[in-house]
Amino acid sequence: MVQTQTSLRIYPIHLLSLAFLLTAASCSTSQTATVRNRSSNSEPTTVRFSIQPYKGSTLKIGKDVIPYKILETDKTIAKIETSLPLYSAEDPLEIKIDSPGFAESIILAASADQLNERFFALNKEGAYHEFVNRFKTGIQPKSVRFIDATRIAIPLLEDEGMDVLDVTTGKTVRIAPPELYKKKLGFVETIAIPEYNELWVSQMQANAVHVFDLKSLEYKATVNLSGKWSKILLYDKQRDLVYCSNWISEDISIIDRKSKTEISKTDKIGLPRGLLLSADGKELYIAQFSASNQENGGGRIGIYSLEKGKLMDTIGPPGNKRHIVGAPDGSKIYVSDMCCGKVEVYDTKEKKLTKSIPVFDKPNTIALSPDGKYLYVSCRGPNNPTEGYLKKGHVLGQIFVIDTKTDQVVEFWEAGNQPTGLDVSPDNRYLVTSDFLDHQIRVYRRKGL
């Protein structure tokens, strides 16, 4: 299955500031006003699209404010309908968007198709990262992973397999293991192993991981695990092994990459989520979501000796540790703590917590830019108070950016309903996040790259 979406052309900030925002104060929400045509003999074009945020913003063509009709809202996002002058590729429509606290954007649209059913988000003034586009995915995109400069793998928790999407074109291909597996759903996390041309994905409902060709995306093999509910994958290049954290059985499967078999499994080590190898490759850092199967906030950072094959220590305060990444020089690690709305920084030499960085509610995935400059954090936001995290809550999630030199938050913005997955392109240019309950991914671009 292939799906294609096309981005708008944007001026003057190339493909970055997609924003289409209007002023509610000056426009009635009960009717759609008509903008005078460029040609007096033609009817205006009616378009519908979604914008974020929709309050306090103004849409203009020239000096004229363009009124609109709100069709539906979702927190700060609105789907609107408006009438615009006729326009063409030879005479594109230039639309200016102004909003207090946000940078002005100019969009050139050559046809109604470039507006209809699109989504546009405004960027804050002085932003280091700017919104590029949104692409729809299968149901519940759980994570995202760049597998080359522009393609990302998107495992789907409630769909059959995963989408592989090009962030520059929107072209999407659905790939899946054999029927026996894909019907069980529950695809979670991926790793790419370029040196062996392999793409791996975990499937918690099947207690398995699957291997695909990294270039052609053809299915290659399945590894059945003795652990229950496979989650995070980590490749150990030194030993040519793949580690997989198992949620329910509270252990880690050790897989021989070459033979595609599970060769051993750790003892129960608390409920493991994120995994990271130490800089010297001797230890495995384990983000424990809890000390047992209950989400009781008892999880810490486990230190597992790969030479001795056992858990040697746990460090840090109790919490729900979700994801873990390491600084390029190996001097420190970052850990997201879902229960406490923070990112923790640990000194790897002293093996102790050195700093806690407050972020938003329910931080999930964290990722370092390849150049080590920024740490990105996807914060899911508060759960629905009565129906849990599988239903939309009362506010949208947020994305945080932390400068790794100072370990200070330098930027944050609102995303969609439960931003969960997150990754950065190999050239540091693109940041991609998944809005879990909106069944979509958002693409941002770092300024200056």
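The values are calculated or read from the model by the stated rules, or taken from the named source; none is laboratory data. Only a predicted model underlies this, so the values are computations on that prediction, with no experimental measurement involved. Cβ placement follows ideal geometry from the backbone for every residue including glycine, while neighbour counts extend to all protein chains displayed. Keep in mind that these areas ignore ligands, DNA and RNA; they rest on the heavy atoms of the full protein, side chains included. Shrake-Rupley method; radii C 1.70, N 1.55, O 1.52, S 1.80 Å.
Loop-located GluC sites (Glu not before Pro) in region 342-393 (DSSP state other than H, G, I, E, B) with a sparse environment of at most 15 neighbouring Cβ atoms within 10 Å: Glu350, Glu387.
Fully extending the segment from Thr76 to Lys171 would add 31.4 nm, taking 0.36 nm per residue of separation and subtracting the current Cα-Cα distance. Note on Val395 and Lys352: their simple-model spin labels are 3.4 nm apart, each label 7 Å out from Cα toward Cβ.
When the GluC sites (Glu not before Pro) in region 185-253 are filtered for DSSP coil states and for at most 12 other beta-carbon atoms within 10 Å of their beta-carbon, the remaining sites are Glu218. Between Val432, Val335, Val395, the Gaussian network model of the chain with springs among Cα atoms under 10 angstrom shows the greatest mean-square fluctuation at Val395.
Please name whichever of Pro100, Gly309, Val65 sits farthest to the positive end of the charge dipole of the chain, dipole taken about the Cα centre and charges placed at Cβ: Lys and Arg +1, Asp and Glu -1. Result: Gly309, furthest along the dipole toward the positive end. Each Lys and Arg contributes +1 and each Asp and Glu -1, all at the Cβ; summed about the Cα centre of the chain, the dipole is approximately 360 debye. Per atom type, the chain shows carbon and sulfur on 48% of its accessible surface, probed at 1.4 Å. The overall shape of the chain is prolate: from the C-alpha gyration tensor, with semi-axes ordered a ≥ b ≥ c, the ratio a/c is 1.5 or greater and a/b exceeds b/c. Annotation: extensible slack from Ser292 through Thr386 equals 31.4 nm (criterion: 0.36 nm per residue apart, minus Cα-Cα distance). Which of rounded, prolate, oblate describes region 92-148, given a ≥ b ≥ c as roots of the alpha-carbon gyration tensor eigenvalues and a/c under 1.5 marking rounded, otherwise prolate only if a/b is larger than b/c? Cα axes put region 92-148 in the oblate bin. Of the residues Cys379, Asn224, Trp200, the one whose Cα sits farthest towards the positive end of the charge dipole of region 137-446 is Asn224 (charges of +1 on Lys and Arg Cβ, -1 on Asp and Glu Cβ, taken about the Cα centre).
Extension gain, Ala221 to Lys405, is 62.1 nm, computed as 0.36 nm per intervening residue step minus the present C-alpha separation. Ordering Leu157, Phe360, Ile248 by Cα displacement along the dipole of the chain toward the positive end leaves Ile248 in first place; charges were set at the Cβ atoms of Lys, Arg (+1) and Asp, Glu (-1). First check a/c for region 45-126, with a ≥ b ≥ c the square roots of the eigenvalues of its C-alpha gyration tensor; if it is under 1.5, answer rounded, and if not, answer prolate when a/b is larger than b/c or oblate otherwise. Oblate.
Probing with 1.4 Å while keeping every protein chain in the model, the per residue accessible area of region 137-446 equals 37 Å².
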